[in-house]
1. What size of dipole, in debye to the nearest 20, comes out for segment 81-165 about its Cα centre when the only charges are +1 on Lys and Arg C-beta atoms and -1 on Asp and Glu C-beta atoms?
2. Could you give the nm distance between label points at Phe652 and Glu590, where each point is 7 Å from its Cα heading toward the beta carbon?
3. Sort 342-351, 88-97, 63-72 for me by packing, meaning the mean count of neighbouring Cβ atoms within 10 Å per residue, highest on top.
4. With unit charges on the beta carbon (Lys/Arg positive, Asp/Glu negative), name the residue among Ala56, Tyr236, Asn421 whose Cα is farthest towards the positive pole of the charge dipole of the chain.
5. In a shell of Cβ-Cβ distance under 13 Å around Gln9, excluding Gln9 itself, what net charge do Lys and Arg (+1) and Asp and Glu (-1) give?
6. Return the carbon/sulfur percentage of the accessible area of segment 637-683, one whole number, probe 1.4 Å, all protein chains in place.
7. Express the accessible area of the chain per residue in Å², computed with a 1.4 Å probe while the remaining protein chains stay in the model.
8. Equivalent-ellipsoid semi-axes (√(5λ), Cα gyration tensor) for segment 1-152, whole Å, largest first?
Amino acid sequence: IFFYIFLIQLRLGVKASLTGTLVLIVSDHILHHLTWLGWLGGLMWLPLVLTFADRAINSKRITPSLWAGIFLALQFYNGFIPITVYFLAVVAAYYLLAPFLVTGERRLSVLKMPLLQLTITLLVGFGLSAVVWMPISELLSFSNRKIVPTELDYIWLPPWHLLTILFPRSYGEAFEPKYLKMFVEMGVSQDRSIYLGIATLTLLPAALWKVKDRKVYLFAFLLVAAIVVATCPPIYVHITKYLPVLKTIRAITRVSIVYTFAGAVLAAYGMEKILELSKEDLLSFLKTGQKLYSVFLLTILLAVAVFTLVARFIPQDFDNGNRLRRWSLKIVLPLVDQFHFSLKNFDLLVPLSIVTTLIIIFWYCRSYFTNSTKGILFYLLTTVMSCELLWHTSQYNPTFQSDLVYRKTSTTEFLRENLKNYRVLVAPAEFSSKAGAKKGKEIIAPPNTLVPYKIATISGKNQLYPKWYREFTSCIEEQKELSHIVFDKTSSPFYKLLGVKFLMTREGYKIEDRDYQRAYNGEGVAVYENIGVMTRAFFAKDVLVSTDSEHSLKLMKSSNFDPTKQVVVEMQSSIKIDPIDQNDRVEVKEYKNNQVLVETSSSGRRLLVLTDMYYPGWKVEIDGVSSELLRADRALRAVIVESGRHSIKFLFWPTPFVRGIIVSITTLLLTLFLLIWTIKKER
């Protein structure tokens, strides 16, 4: 609906706007990400941002730019932050390029008002959403994320994948294990198709023929720029290490969302152009289109014949040989698989049928031209376009019975009933072999599988987890994955420290540690109970003082360090702790996401350790009085407690969040004031 409104704002007709909206809704990219709510939650507001940006540029008023800022803020609240950078680029490009296209002038003075409007939109957008992006920016600064271009492979769309513009399944259907494995080494994204439809390709050149509204060039620029960004990382990607925002963008193919958006707008412009053509021009257009599609059909048939012949001779061992051989086979083998004639390639008949249908439609409209030809052409093109896109996108988002999605199992029920304030370890993860999937049974619970069941684990997937947790877990074993914490070791004293009460492994896996006792067996899973597990909160027996993080990790990785008895505290001065007594008591009374209440009783000065993540913003109060929160073992929380009975409360109230609230509320009040003032003034 919002995209349709935007097309109407561009002064396109109802039929053209409907065409563009259909292209967007049933496009490959959108239906691929249909269940990625943050993905579409951000995209849905972009049309309204541009709608009011366009109104601001056309009217040279301030009020529409304020509304554009409000909808930009909603994008932050609803969207997936890593693709926000692309939306911001589109908004900036619209404000800065559209005025030149509208006026036809080349003087920089044309930008005076649009620059002011862009500034207002950005200030309002960032100001209203400060409560969202400020905490995320802080987490990003503490994150384990590395500079992607120089330290890690990027995820991209190689130029040869542009063939998917015409043949969407030329490199396999979505989520095919064979192709996923084949493309891992090459860094190819799962979003490896940028198909907008063969019928849609009729509309794109039409949009650029005898242009009246020069904004068409802006959307053509965005479409081409998105393709360049997605396909040319080897040329530019190392530059991003100097740009703080871009250096964390690894999946460059996210820019396909801009490609799809711009392509849908151009499709609307193309349909508008076709509906406006004179009789002579339309006949000429249909004749040219019929010839091009005929050549296209012959090319497909020739390619099928060639690849059918090649299929008999090409080797299948794409993992052997030098890099050039492996890459060449990985490019050619999928084409051979998809285009050689066989019963399994029945889907190949679909694009052949589509092209044949378009040839017939163009021939019919040419041969039987009447006053209603444009209307017939519109309905036939939109029908073919919708059908072909839905044929291709049917491979995405298959439906399942509701009881199969996070279904109840006796294993998960056992863990939930017995876990309390303890945690679970899933090992061995054997995560490095996930692409190969040895029989597909090694990973009994991939990272984050247990999250919907509210079962606490010490492993998981998170793009922005603090780097000190990676450092802590490296004391157990090296963490090779960028975004995951996973374990192959089934035994470590650090597991006891972290409150790992249950080890979940596959049935038949042999556990050597005597501290583990089998507690459950079934569904191909074995669960062992760790009888030496420590409680979530406890008094430290022996405290070691460290002045910095490197020293802390050195102490923790030393062979004589026992995490069940010793705790490393980072502070500049020494710390005096009395020996613990058998009558000491520590009890977790309340445990919430942002608040933990612990009651203690001791006969001397103690160091209370809570085995939860240390993070700036956590504060601690003892009997209602603020106290100093200490960092224990690099990644955990601790506080010094004097003798006697005490109530210790850990509270999460991060400074960036507080600042974000203040900035957002202040911006909201200023925006309301400016809206009222500008509306009155402009009236």
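The values are calculated or read from the model by the stated rules, or taken from the named source; none is laboratory data. As the structure is a computational prediction, the values presented were derived from the model and not from experiment. All Cβ positions, even for glycine, are placed from backbone atoms using ideal geometry, and neighbour counts span all protein chains on display. Ligands, DNA and RNA are excluded from the accessible area calculation, which covers all protein heavy atoms including side chains. Shrake-Rupley method; radii C 1.70, N 1.55, O 1.52, S 1.80 Å.
1. 280 debye
2. 1.6 nm
3. 63-72, 88-97, 342-351
4. Result: Ala56.
5. Residues near Gln9 contribute +1 overall.
6. For segment 637-683, the apolar C and S fraction of the accessible surface comes to 70 percent.
7. Result: 48 Å² per residue.
8. Taking √(5λ) for each Cα gyration eigenvalue gives 27, 22, 15 Å.
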